[in-house]
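Here's the structure we're looking at; comments come further down.
The values are calculated or read from the model by the stated rules, or taken from the named source; none is laboratory data. Quick caveat, the model's predicted, so the values are computed rather than measured. Positions of Cβ are generated from backbone atoms using ideal geometry, with glycine treated the same way; all protein chains shown enter the neighbour counts.
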Amino acid sequence: MSDFIGDWHALLVLVLAGFLPNEIWRMLGLWLGGGVDEGSELLIWVRAVATAILAGVIAQILVLPPGALASVPGILRYGAVAVGLVAFVAAKRSILVGVVCGELVMLAGQLWWR
Amino acid sequence: MPLPPLESPIWQSSVRAYAFGLRAVGSTVLTLVLFATYLGIGALAHDTHFSLGWVLTSTLLVWAGPAQIILISSLGSGATVVQAAIAVTVSAIRLFPMVVAVLPMMRTPTTRLRQLVLPAHFIAVTLWVECFRLLPHVPRENRIAFTVGLGTGLVSVCLIANIVGYGLAANLPQLFGAAILLLTPLAFLLSTARNCRELADIVALGLGLALFPLVATLHTGVDILISGVSAGTIAYGVHWLRRRRRA
C-alpha cells in the first residue's frame, strides 16, 4: 500500500490541494445551478480567466519543462508546438493532425540534433 | 454505433442506458485526445516523483486534466499546499458554468439532488461537449444512467492511459519520454483552441501563453494565477470594448 500510493501525507495533500479545491465548483454548480445564465458577463470573464490559466500551464510546461522534456532544446519545444498549431489550423481544426505533426517535428529535431 | 430511436423499448432499462453511455466512449475522437492527455499526466507524475497509486487516485478524485497538471507540476516544483490549492481552484472555476449548463438536460421533475452528484463529478470539458452532442438522442429519464456510463467509461480509459504513461516514462529512452510529456501541452493547446468561441477566448489563450514567461521571472509562487487573472481580465476588456463599439 505505502509503495503504491505513497504515505498518507501525500494522499492528504492530494485531497486538500487537488480534490477539494476542484470539486467545490462542481458541487456549487449542482447546488446553485439554474439561477445562472450561461451567456452572462460574469461567466464570460470567468471563462476568459480559466482559459488564460490553462494557457499559463501550457507555457509553464514548455518554458520550465519537467523530467525528460528538459533534454529537448527550448527552440525545438516551441517550434514543435508552433508547427502543431499551424497544422491544426490547416487541417480544419483537427486535434489529431496537430498533435501528430508537433510530435514528429520534435522527434525529428532531436534525432537530427545529435 | 448509432443510438436507438427515442421511442425504442430498449431505453426502458437503465442498465441498457448505462451500457449505451459506456459504448459511446468509442464514438468520439475526444477519447483519443483524453488518452493522450492522461498518458502525459502519467509520465509527468513519474518524472516529478509521484507514485502510480497517487496519480490514479488523483484521476478518480479530481477528474480534470488541467487541475491535475497544475497540482502535479506546482507540488513538483516546490509550491506549498496552499499555493497549489489556490491555483487548482482558480483553474476549476470553469467547471461551475459547465455543471450549470449540463445538469438541466438530465433533470426531471422527480430527480433528487443526490442522484446528480455522480454525473456532476464526471463533468469536465469532454463530458460537457459530448453531453450536448449525445443527450438529445437519449430519453430524458435515462440521461443520468447514460451520463454515468459515459463518465465511467472515460475515467477507465484515462486510468489505463495513466498506467501506460507512467510505465513508459519509467522504461523508455529519454527521447520517447520527452515525446510523451510533449503530448500534454499539445493536446491542451489544441483542444482549448478548438473550444474558442468568442474573441475573448482567443485573446485569453494567446495572452495567457505570452504573459506567463514574463510573470515567471518574478518567482512569486502563484505566477500562473497572476498571469491568468491578468490575461483573462484583459481579454474580457477587449470583448467588452468591442461590443460597446458595435452597440
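General remarks:
- Residue check for B:Thr111: without any contact (Cβ under 8 Å) to a residue 40 or more places away in the chain and facing another protein chain (nearest Cβ under 8 Å): no
- Take the conditions (1) of a type outside the set (A, V, I, L, M); (2) surrounded by 21 or more Cβ atoms within 10 Å (Cβ to Cβ); (3) free of Cβ contacts under 8 Å to residues at least 40 places away in the same chain; B:His49 misses just one of them, which is (2).
- Residues located in the stretch A:88-108, provided they are crowded, with 17+ Cβ neighbours inside 10 Å and facing chain B (nearest Cβ under 8 Å): A:Phe88, A:Ile95, A:Gly98, A:Val99, A:Gly102, A:Glu103, A:Met106, A:Leu107
- Residue match in the stretch B:55-63 (condition: at the interface with chain A (Cβ under 9 Å from one of its Cβ atoms), of a type in the set (Val, Ile, Thr), farther than 26 Å from A:Trp31 by Cα and buried (at least 17 other Cβ atoms within 10 Å of the Cβ)): no
- Residue check for B:Gly149: assigned by TED's automatic domain parsing to the domain that holds B:His49, surrounded by fewer than 17 Cβ atoms within 10 Å (Cβ to Cβ) and either out of contact with any Leu (no Cβ under 7 Å at 6 or more places or on another chain) or farther than 30 Å from A:Ile44 by Cβ (or both): no
- Some residue of the stretch B:65-74 being facing chain A (nearest Cβ under 7 Å), among the β-branched types (Val, Ile, Thr), part of a helix (DSSP H, G or I) and surrounded by fewer than 23 Cβ atoms within 10 Å (Cβ to Cβ): no
- Within the stretch A:65-87, if we keep just the residues that are surrounded by fewer than 19 Cβ atoms within 10 Å (Cβ to Cβ) and within 7 Å of chain B (Cβ to nearest Cβ), the residue that is farthest from the chain's Cα centre (by Cα) turns out to be A:Ser71.
- Restricting attention to the stretch B:57-76, the residues that are at pLDDT below 90, out of contact with any Pro (no Cβ under 9 Å at 6 or more places or on another chain) and among the hydroxyl-bearing types (Ser, Thr, Tyr) add up to 1.
- Pick from the stretch B:85-101, criterion surrounded by fewer than 22 Cβ atoms within 10 Å (Cβ to Cβ) and in contact (Cβ under 8 Å) with a residue 12 or more places away in the chain, ranking: nearest to B:Asp201 (Cα to Cα): B:Ala101
- Test: residue in the stretch B:223-231 that is facing chain A (nearest Cβ under 8 Å), of a type in the set (D, E, K, R) and surrounded by fewer than 24 Cβ atoms within 10 Å (Cβ to Cβ): no
Rundown of residues vs (1) closer than 15 Å to B:Val155 by Cα; (2) part of a loop (DSSP other than H, G, I, E, B); (3) touching a Pro at 6+ places or on another chain (Cβ under 7 Å), yes/no style:
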residue	(1), (2), (3)
B:Val25	yes, no, no
B:Phe50	no, yes, no
B:Val55	yes, no, no
B:Gly78	no, yes, no
B:Ile86	no, no, no
B:Pro97	no, no, no
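- Among residues of the stretch A:34-46 that are modelled with pLDDT of 75 or more, those with a Cβ under 6 angstrom from a residue that is part of a loop (DSSP other than H, G, I, E, B), sequence gap 6+ or separate chain, pair up as A:Val46/B:Ile93.
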